[in-house]
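The values are calculated or read from the model by the stated rules, or taken from the named source; none is laboratory data. Keep in mind the model is a prediction, meaning the values are calculated, not measured. We place every Cβ from the backbone using ideal geometry, glycine too, and count neighbours over all the protein chains shown.
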Amino acid sequence: MELKSSSQIQIVLPDKCQSEIIDHCRRKLAGQYLKGEAQDLKAFGLIAGTRSENTITVKRCMPLLKNARSIDPYKGHMDRVMTKHAIPSETPLHKRGWVADPEELTEKVSECHAAKITLLGTYHMHRVGWQHDKIRDTPTKLDTILGHDSRMIMFIVSMVEPDKPIIRAFFEGICEQEIVIIP
C-alpha cells in the first residue's frame, strides 16, 4: 500500500469489525481458546478491505489462530530481535511476539483475493501497562522495527483496561504516521 501522508487518509472501521477485534482480544484474555488456537494471552489478526482516494474501508477482520513464534527458523530470528529491541515486561522475551503461520496466512490471503479485498494490515493486543506507557495504545520500538518496510497498517489494540479498549492505527507501526479511525 502506498500512502503519501497518513494525515490525509482515514480508516472506516465499522462497529462490527471493531467488535470482532475486541471480542478476539477479550476471549484470549479470558483464556477461552478455539480448537487449534495458540493458548497464550496474545491476540493477533489480519485486517482487509478496500481503498478509494483518501479512505480505507475495513471489510474483514481475520483472527489468526496459529503462532509460529516458537518454531525454527522463526524462533531464532525472533529471539535475536527480542533480545536486541524489546523492552523487558511481565512476559518473558522468549514468549513475546507473534509470527503468522505461513499456511494460515496463505489461506487468509487467498480468502481476500476471492472476496476482491486487499490485505491492509495486522492487529495485535497490548495488555500490560508499562511505567513509561500506562495505556500502551501506540506501537513500541519493537513494533516499529517489525513493521518496517511492510507497507501495512498496524492496528494496536490497548487492552490494559479491558472494559475500555482503545484501537489506533499506524502506517508501518510508526507513531508519527497515525491514521485516524472513524466508525
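Tabulated values for the structure
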read-out: Pro14 surrounded by fewer than 18 Cβ atoms within 10 Å (Cβ to Cβ) and free of Cβ contacts under 8 Å to residues at least 12 places away in the same chain; value: no
read-out: Residue in the stretch 125-134 that is acidic (Asp, Glu) and at pLDDT 95 or above present; value: no
read-out: Search result, residues across the stretch 139-169 that are in contact with a Lys or Arg (Cβ under 8 Å, 6 or more places away or on another chain) and free of Cβ contacts under 8 Å to residues at least 40 places away in the same chain; value: Ile156, Ser158, Val160
read-out: Residue in the stretch 142-150 that is at pLDDT below 95, of a type in the set (D, E, K, R) and under 26 Å from Arg26 (Cβ atoms) present; value: yes
read-out: Subset of the stretch 139-162 [surrounded by 20 or more Cβ atoms within 10 Å (Cβ to Cβ), touching a Leu at 6+ places or on another chain (Cβ under 8 Å) and either more than 17 Å from Gly173 (Cα to Cα) or among the acidic types (Asp, Glu) (or both)]; value: Met159
read-out: Tally of residues being of a type in the set (Asp, Glu) and either in a loop (DSSP other than H, G, I, E, B) or surrounded by fewer than 15 Cβ atoms within 10 Å (Cβ to Cβ) (or both) across the stretch 124-138; value: 1
read-out: Of the criteria (1) in contact with a Cys (Cβ under 6 Å, 6 or more places away or on another chain); (2) farther than 23 Å from Ile11 by Cα, which one Trp98 fails; value: (1)
read-out: Any hit, the stretch 114-123, residues being without any contact (Cβ under 8 Å) to a residue 12 or more places away in the chain, within 28 Å of Thr50 (Cβ to Cβ) and loosely packed, with under 15 Cβ neighbours inside 10 Å; value: yes
read-out: Residue satisfying all of: in the stretch 46-69; in contact (Cβ under 8 Å) with a residue 24 or more places away in the chain and of a type in the set (S, T, N, Q); nearest to Ala100 (Cα to Cα) among these; value: Asn67
read-out: Residues (over 11 Å from the mean Cα position of the chain (by Cα) and acidic (Asp, Glu)) located in the stretch 135-149; value: Asp137, Asp149
read-out: Unique match (being touching a residue at least 60 places away in the same chain (Cβ under 8 Å) and of a type outside the set (Val, Ile, Thr)) among Arg136, Arg80, Arg127; value: Arg127
read-out: Only one of Glu172, Glu111 that is in contact with a Gly (Cβ under 7 Å, 6 or more places away or on another chain), under 30 Å from Gln8 (Cβ atoms) and touching a residue at least 24 places away in the same chain (Cβ under 8 Å); value: Glu172
read-out: Residue, surrounded by the most Cβ atoms within 10 Å (Cβ to Cβ), within the stretch 87-112, restricted to residues that are among the aliphatic types (A, V, I, L, M) and over 18 Å from Tyr123 (Cα atoms); value: Leu93
